[in-house]
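Below is one structure, written out as structure tokens, with a few remarks after it.
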């Protein structure tokens with residue numbers, strides 16, 4: 001069994017997450033795999049470094065994905081890498097120090113109680 005499937009089994013059977021939640025984690029990891037192929041990273045998924053993760057984030061941002069969506073994907077990636085650290089496959093999590101782009105904040109509305 002490969003490490004990716006072992007991680008998904010861990011989420012479902014050991015952590016007791018719902019099948020839908022596991023499906024979403026799988027979708028996040030599939031996105032990382034497709035970005036790895038698209039950006040031509042010629043290494044296995046566990047061998048990705050922080051620079052690779054940052055390039056994936058930049059690619060998603062350039063496609064117009066918002067900061068909140070990128071943060072959710074990054075959270076799924078972090079979970080996988082943390083699992084590999086716990087299983088002693090990796091010594092450190094490459095996605096830990098990566099941050100998603102900040103979300104734009106809307107301008108504050110004028111308070112209705114202030115007389116104009």
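The values are calculated or read from the model by the stated rules, or taken from the named source; none is laboratory data. Since the structure is predicted, the reported quantities are computational estimates derived from the model, not experimental observations. Virtual Cβ from ideal backbone geometry, glycine too; neighbours counted across all protein chains shown.
Assorted remarks:
- For the residues 101, 46, 94, the requirement of being under 17 Å from residue 25 (Cα atoms) and modelled with pLDDT under 90 singles out 46.
- Any hit, region 36-55, residues being in contact (Cβ under 8 Å) with a residue 24 or more places away in the chain and over 19 Å from residue 92 (Cα atoms): no
- Residue match in region 70-84 (condition: more than 13 Å from the chain's Cα centre (by Cα) and either crowded, with 16+ Cβ neighbours inside 10 Å or not in a loop (DSSP other than H, G, I, E, B) (or both)): yes
- Residue match in region 22-36 (condition: at pLDDT below 95 and more than 14 Å from the chain's Cα centre (by Cα)): no
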